[in-house]
Amino acid sequence: MRYWFIRKFMGDNKMFREGISDIAIMQLFHFRRSMSVVMLAGVMILAQAGCGVSYVAKNQLTPGQSFRDELASGGQGPEMVVIPAGRFRMGCVSGRDCGDDETPVHEVSIAEPFAISKYEVTRSEFGRFVAQAGYRTTAERGRGCYVWEGSEGIEKSSARWNNLGFDQSDTHPVVCVSWDDAVAYVEWLSSGTGVSYRLPSEAEWEYAARSGSTTKYHFGDDESQLCRYANHADRSTDLPWRNESCSDGVGERTAEVGSYQPNSFGLHDMHGNVWEWVQDCWNDSYVGAPSDGSAWISGDCGSRILRGGSWFSVVPWVLRAADRDRTATGYRSGSLGFRVTRTLTP
Ligand SMILES: [Ca+2]
Ligand SMILES: [Ca+2]
């Protein structure tokens, strides 16, 4: 069924090359199913890398340094890495083999260092929020989550962040979380730590993912190397669009965060594992985009941007640092999670 569907709705590889993602496939599955139904009927404390050092002033944080903030209610927030201020060219820097939405290439200047989580937010980190805040996710308040079951993507009413079609440990990335859920998490984290957490802006995300590189991936352009750096649809999956040039042995599922090599900023899984929500509203090109690293919060704000591709992603194309995708703020799927950013001024 899946192969039929892919051929029927997705066409040939040219369509894949133009950036059709697993999110788009999930949505097309949903569309087909919908049509079938119609037809049928406070305190700032920083701890340096677990060393328990309380309050590290902004000017003591140096790029590359990692830290965790203490939660007033107990425990710690995600491990954060300090990213240097700097400038970079955002979008289709190669000038070819890109989507139109990655143009025009534009220079972005990030004036202040900021911190971004070293890994995607994990199940245990999200679970602490759910337990402490009594939060119910979009999936739990609605119709569940889009997951792959057998050969089909379905909206499964029982699927949620802690009940997927595949096993996850506490250190796997949380998935089946909507943009609204991710925002609720960063608001809780800000409240619990007394410092300002948020989702990354799209520019911060690409700057962090590139980590100084101008290639497709932070390590270069060679897709046979992807299995060292990114959990994606490789030869260990049965997915028809898989990357035939390598295998990571993981199969069709998330991997523990940090299982693959980091980029030069020390960040893991910027390519692959799970798609990551960012703050920005959808705009179909960079005409009028901010150049100061801030989020673009005008345009289609009912849809927010996703970055980095996932374990399920359609050909390595969508794993690229410049690739962009978007979906509705209430959407949730088994390949979509997030990471967090922290402003270094309280
Ligand atoms: Ca994989
Ligand atoms: Ca990722």
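The values are calculated or read from the model by the stated rules, or taken from the named source; none is laboratory data. Predicted model only: the values in this text are computed from it and were never measured. So basically every Cβ, Gly included, is an ideal-geometry build from the backbone, and we count neighbours across all protein chains shown.
Note on region 317-329: residues that are outside any loop (DSSP other than H, G, I, E, B) and more than 14 Å from ligand 1 (Cβ to nearest atom) amount to 5.
Can you confirm whether residue 211 is within 16 Å of ligand 2 (Cβ to nearest atom) and small (Gly, Ala, Ser)? It is true that residue 211 is within 16 Å of ligand 2 (Cβ to nearest atom) and small (Gly, Ala, Ser). All conditions but one from (1) in contact with a helix residue (DSSP H, G or I) (Cβ under 8 Å, 6 or more places away or on another chain); (2) assigned to a strand (DSSP E or B); (3) buried (at least 20 other Cβ atoms within 10 Å of the Cβ) apply to residue 155; the one that does not is (3). No other residue among 278, 315 is of a type in the set (A, V, I, L, M, F, W, C) and surrounded by 23 or more Cβ atoms within 10 Å (Cβ to Cβ) apart from 278. Of all residues in region 261-289, exactly one satisfies the criterion of being within 16 Å of ligand 2 (Cβ to nearest atom), of a type in the set (Gly, Ala, Ser) and touching a strand residue (DSSP E or B) at 6+ places or on another chain (Cβ under 9 Å), namely 266.
If only one of 314, 287 is within 14 Å of ligand 1 (Cβ to nearest atom) and outside any strand (DSSP E or B), which one is it?
Details: 287 fails: within 14 Å of ligand 1 (Cβ to nearest atom).
Answer to the check: 314.
When you look at residue 339, is it away from ligand 1 (no atom under 13 Å from the Cβ) and either surrounded by fewer than 17 Cβ atoms within 10 Å (Cβ to Cβ) or modelled with pLDDT of 95 or more (or both), yes or no? So residue 339 passes the test. Scanning region 178-210 for residues that are outside any helix (DSSP H, G or I) and surrounded by fewer than 19 Cβ atoms within 10 Å (Cβ to Cβ) gives 194, 196.
Suppose we keep only residues that are small (Gly, Ala, Ser) and away from ligand 1 (no atom under 16 Å from the Cβ) within region 260-284. Which one would you say is nearest to the chain's Cα centre (by Cα)? Give the derivation first.
So in region 260-284, the residues small (Gly, Ala, Ser) come out as 264, 266, 272.
Still in the running and away from ligand 1 (no atom under 16 Å from the Cβ): 264, 266.
On the way: 264: 18, 266: 16 Å.
Once the filter is applied, the top-ranked residue is 266.
For region 107-138, taking the residues that are of a type in the set (Ser, Thr, Tyr) and within 30 Å of residue 93 (Cα to Cα), the one that is surrounded by the fewest Cβ atoms within 10 Å (Cβ to Cβ) is identified as 109. Among the residues of region 212-259, what is the count of those that are in a loop (DSSP other than H, G, I, E, B), under 29 Å from residue 110 (Cα atoms), touching a Phe, Trp or Tyr at 6+ places or on another chain (Cβ under 7 Å) and more than 9 Å from ligand 1 (Cβ to nearest atom)? Final tally of qualifying residues: 3.
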